[in-house]
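Bear in mind these aren't lab numbers, they're just calculated from the coordinates by the rules spelled out. Not measured: the values here are computed from a predicted model. Cβ placement follows ideal geometry from the backbone for every residue including glycine, while neighbour counts extend to all protein chains displayed.
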Amino acid sequence: MESFEEKVEIVVVPDQVVKISYNVEPSQISFYKEETVTALVSLQGATYSTIQRNSRAPVDLIAVIDRSASMKNEIGLIQQTLQFMVKQLKHGDHLGLVVYDHQVDVMLPLTNMDAEGKDRAKFVVKKLEVGGQTNTSGGLLQGLDMIRTRSSQRANDVTSVLLFTDGLANLGLTKADQIKKAVRGVLSQISSVCSIFTFGYGKEPDPQYLREIADEANGMYYHINSPDAIPLAFTDCLGGLLSVVGQNIELSIEAAKGIQLIDVSTTYKKNWLAHNSAIKISIADIYSEEDKDFLCTVKLPPTDSPKKAHILDIGLTYTNVLLQKSQYQTENITVPRVIEPPPKQINPKIDKQKNRIICANAMQEALDAGERSDFRHAVDVLKQAEQVIITSPTAADSFCLTLVKQLQEGQREVSNREQFRNAGQQNLSVATRTHQQQRSTQSTPHYSTLPKTTITHAFNTTKQ
């Protein structure tokens with residue numbers, strides 16, 4: 001079976017692989033009084049109809065596999081998905097494999113995925129066996145160290161560590177704060193963007209530490225509640241990594257003279273350069289077809305006469321990983337100031353983003369409440385968010401209907417301690433981050449992209 005990259009071809013590789021767009025609500029405002037508007041600044045990764053083997057950015061991947069005794073039911077499917085990953089990689093990609101139980105072993109150093117390297121990787125994957133206890137920190141730090149010490153001449157821009165485990169660490173560093181501090185220390189010594197994706201199997205006692213590890217390095221946490229879900233989660237992750245188009249993204253938003261930038265809603269790292277005036281937002285990477293949306297609240301003073309008002313200056317810098325060069329774009333946002341504005345019309349794009357943020361914030365608050373066993377508050381905050389969304393102008397939109405469904409499911413899953421530990425904690429951890437980052441996981445596919453669905457389809461085809 002050919003990999004999907006070999007079977008299809010790219011339509012165009014654009015010079016600019018990240019596009020800026022914007023919407024403003026209201027679309028017109030009065031000139032003679034103070035007004036507040038909402039500006040939606042959006043970034044989108046270049047849209048491909050397909051992805052070609054030689055056009056995408058090459059990748060360096062390290063798979064870190066928990067081989068403790070409790071993984072015996074999952075190891076076979078992990079081997080199957082790793083074999084599939086080897087098929088999808090190309091000459092110029094590098095793959096490494098670390099396994100851990102009470103000890104840590106490098107079964108495959110970073111190896112070029114040419115024909116010889118693929119054969120070697122497949123042989124090593126077949127030898128995977130379960131062992132003893134769980135030294136998660138040892139395995140993860142070994143994987144990161146392989147990235148840190150790789151040859152700079154052979155290093156690829158797109159770099160990631162994939163951590164597979166079914167429970168809490170019981171050897172080495174066992175606390176989330178300890179592991180995060182150690183991870184942060186190694187990441188600071190790696191010059192390129194390096195993400196960490198974590199895959200937690202079953203009803204692990206505390207998925208929070210896996211999410212926190214992923215958060216530390218711009219990754220995602222995948223909760224896998226049955227062995228059959230392993231391939232779906234893994235191919236979703238791989239499809240994203242094989243479609244990175246931009247890295248080291250810096251988005252600047254600056255208010256025009258006399259205008260106040262009151263707030264920008266995002267969980268990405270942001271730095272106010274000037275109070276109520278200018279902000280810079282940092283995003284590690286963006287996949288093909290991904291959207292990143294930022295809601296800005298802007299206050300405008302009265303003016304002397306009607307005119308087209310300049311309210312925001314947008315600047316975007318990033319590394320185009322397909323062309324391996326830095327790129328820069330600008331955009332000016334304006335709004336007409338008129339004598340008599342028409343009745344306010346709701347902008348559906350802006351309203352849906354408001355609902356996304358309401359949902360994500362409620363999920364995070366409910367997750368925090370569940371962690372301190374305040375299950376009544378957890379249910380209430382999710383119910384309140386549900387009510388806001390179902391009475392919003394875009395309530396009938398399919399995206400918003402899905403948000404409501406997730407909030408309703410969340411209410412059941414945080415209703416008591418047993419429900420929270422068995423389902424709510426894991427599912428809310430995944431869903432919250434998904435909505436914050438606008439990046440899909442196998443259990444929350446709203447933000448899926450063609451490269452992700454294509455590679456998942458390719459895996460399913462291999463099983464037929």
per DSSP, antiparallel bridges as share of beta bridges in the chain, % nearest 5, sits at 70 percent
Reachable lysines from Lys127, Cα under 20 Å, same-chain residues fewer than 8 places away excluded? Lys72, Lys87, Lys118
Can you order the peptides 327-337, 276-286 by their average number of other Cβ atoms within 10 Å per residue, highest first? 276-286, 327-337
So what J values fall out for segment 296-307 if you push phi through Karplus, 6.51 cos²θ - 1.76 cosθ + 1.60 with θ = phi - 60°, rounded to Hz, Gly and Pro as x? 10, 9, 10, 10, 10, x, x, 10, 6, 7, x, 5
Ascending count of other beta-carbon atoms within 10 Å, so fewest first, for Glu371, Glu216, Glu340: Glu340, Glu371, Glu216
Label selected from [x] 71, 55, 47; [y] 111, 98, 61; [z] 76, 52, 43, the criterion being Cα extents along the principal axes in Å as computed here: [z]
Obtain the nm distance between the two label points defined at Thr461 and Thr47 by a simple spin-label model: each point lies 7 Å from its Cα along the Cα-to-C-beta direction. 2.3 nm
Length added when fully stretched, Ser398-Lys126, from 0.36 nm per residue minus Cα-Cα: 93.6 nm
Point-charge dipole on Cβ atoms (K/R +1, D/E -1) for segment 105-151, about Cα centre, debye to 20: 60 debye
Between Arg154 and Ile390, what is the FRET efficiency for a Förster distance of 45 Å, r being their Cβ-Cβ separation, to the nearest 0.05? 0.25
Percent of all alpha-carbon pairs of segment 59-242 at distances over 22 Å, whole number, is 38 percent
Phi-based couplings in Hz for segment 108-116 (Karplus 6.51, -1.76, 1.60; Gly and Pro marked x): 8, x, 3, 10, 4, 8, 7, 4, 5
Below 8 Å between Cα atoms, with a sequence gap of 6+, how large is the relative contact order for the chain in percent? 19 percent
Expressed as a whole number of Å, what is the distance separating the alpha-carbon centroids of segment 226-244 and segment 377-395? 31 Å
Using a Förster distance of 35 Å, how high is the FRET efficiency between Gln419 and His91, based on the Cβ-Cβ distance and rounded to 0.05? 0.10
Run the reach check for Lys175 against aspartates and glutamates, Cα to Cα strictly under 19 Å, same-chain hits fewer than 8 apart removed. What comes back? Asp66, Asp101, Asp166, Glu204, Asp206, Glu212, Asp215, Glu216, Asp368, Glu371
Compare the peptides 56-69, 296-309, 374-387 by average per-residue count of other Cβ atoms within 10 angstrom and give them in order, highest first. 56-69, 374-387, 296-309
Sites Glu254 and Ile346, calculated FRET efficiency, Cβ-Cβ separation with R0 30 Å, nearest 0.05: 0.65
Do you know the Lys pair count in segment 186-310 for C-alpha distances under 30 Å, with sequence separation 8 or more or different chains? 21
Give the cross-link partners of Lys405 among the aspartates and glutamates, using a straight C-alpha distance below 12 Å as the criterion and excluding same-chain residues fewer than 8 apart. Glu386
